[in-house]
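The values are calculated or read from the model by the stated rules, or taken from the named source; none is laboratory data. Since the model is a prediction, treat every value here as computed from it, not as a measurement. Quick reminder, even Gly has a Cβ in these numbers, built from the backbone with ideal geometry, and neighbours come from all protein chains shown. The accessibility values were calculated without ligands, DNA or RNA, using every heavy atom of the protein model including side chains. Shrake-Rupley method; radii C 1.70, N 1.55, O 1.52, S 1.80 Å.
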Amino acid sequence: MNDRVIMQSHGGLSPPWFSLFATAGCVGLYLAFGAANADLLYDRAAIESFEIWRLLAGHLVHTDIEHLVWNAGALLILAMTAEMGFHRRWPDLISALGIGAISITVALLVLRPELRLYCGLSGVLNTLLVLVLYDGWKATRHWIFPAIAIGDVVKITTEAALGEAVFTSAAWPSVPEAHAAGLLAGIAIAFYRDARGKYDAPLAA
């Protein structure tokens, strides 16, 4: 029997440790290093000078408290849904977030050569959102999951057309290419798992 089924059959759910630690980590970085820390954020010139930690670190720092609250809140909700709703384990979540982060950084380097500075988790959250929605669809076939996916695509398209964020007003302008790259990374991960027969259909909550 699948060990996830065994865990559920014995009753109770384990605490969403990954969700809690990841969210606390983002908040802790902000408290420790402040807004848009120059040593951590995506800095094109620094990356081209082989400061490779910025490939990931830039996604973990934020421009102001509003930026942090929106992203940390969304991370907590999405990660807890993946962990507790669909019983995704931390290696799955870490690999998805890592692939999303690298995909976004590469996309910005290639597609936005004029963009010198960038930071924030919102692009990577689109990767996690796709996987949560895909888990929901695989488990329930409920219309709400593709509907949310379509809504996210409309949001990103609208932001690209307007040149600004739809729901937030952070200190730095929105970068729709980052959101789109995160979305595409999530789609690629989900379909890769299916194509290779490695997609483990989640348990519904």
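Taking H placed 1.01 Å from N in the peptide plane, check which residues at least 5 places from GLY58 or on another chain put their amide H under 5 Å from its amide H. Those qualifying (amide H under 5 Å, at least 5 residues apart or on another chain) are TYR42. A dipole drawn for region 1-152 from +1 and -1 charges on Cβ atoms has a positive end, and of PHE33, ALA139, ILE94 the residue lying farthest that way is ALA139.
For the pair region 118-183 / region 15-66, the C-alpha centres are spaced 20 Å from each other. Amide H contacts under 5 Å for ASN37: HIS62, restricted to partners 5 or more places along the chain or on a different chain, H placed in the peptide plane at 1.01 Å from N.
Computed from Cα atoms, the angle from the helix 176-195 axis to the main principal axis of the chain rounds to 30 degrees. About the centre of its Cα atoms, region 1-140 shows a dipole size close to 300 debye [charges on the beta carbon of Lys, Arg (+1) and Asp, Glu (-1) only; nearest 20 debye]. Taking the charge dipole of the chain about its Cα centre, with +1 at Lys and Arg Cβ atoms and -1 at Asp and Glu Cβ atoms, the residue from THR63, ALA178, ALA149 reaching farthest to the positive side is ALA149.
Simple point charges give the picture: +1 on the Cβ of Lys and Arg, -1 on the Cβ of Asp and Glu, and for region 80-160 a dipole about the Cα centre of about 80 debye.
Rounded to whole numbers, the Karplus 3J(HN,Hα) couplings from phi for region 124-129 are 5, 4, 5, 4, 5, 4 Hz, using 6.51 cos²θ - 1.76 cosθ + 1.60 with θ = phi - 60°, and x at Gly and Pro.
Accessible surface computed residue by residue for the chain, with neighbouring protein chains in place and a 1.4 Å probe, gives 52 Å² per residue. Shown for the chain: the carbon plus sulfur share of the solvent-accessible area, taken with all protein chains present and a 1.4 angstrom probe, equals 70%. Only one item in (1) 16.2, 51; (2) 17.2, 55; (3) 22.5, 72 matches Rg and Dmax of the Cα atoms in Å derived from the coordinates shown, and that item is (2). The heavy atoms of SER49 offer some 80 square angstrom of accessible surface to a 1.4 angstrom probe. Rolling a 1.4 Å probe over the protein chains gives ILE102 an accessible area of about 70 Å². Phi-derived couplings, Karplus 6.51 cos²θ - 1.76 cosθ + 1.60 at θ = phi - 60°, listed residue by residue for region 99-104: 5, x, 4, 5, 4, 5 Hz, with x used for Gly and Pro. Counting only trypsin sites (Lys or Arg not before Pro) that DSSP places in a loop and that have at most 13 other Cβ atoms within 10 Å, the longest clean stretch of the chain runs over 1-88. How charged is the neighbourhood of LEU40? Take every other residue with its Cβ under 13 Å from the Cβ of LEU40, and add Lys/Arg as +1 and Asp/Glu as -1. Neighbourhood net charge equals -2. Here is how the number arises for the chain: DSSP H runs of 4 or more residues each give -39500 (n - 2.57), the sum is divided by the residue count, and the result at 222 nm is -20500 deg cm²/dmol.
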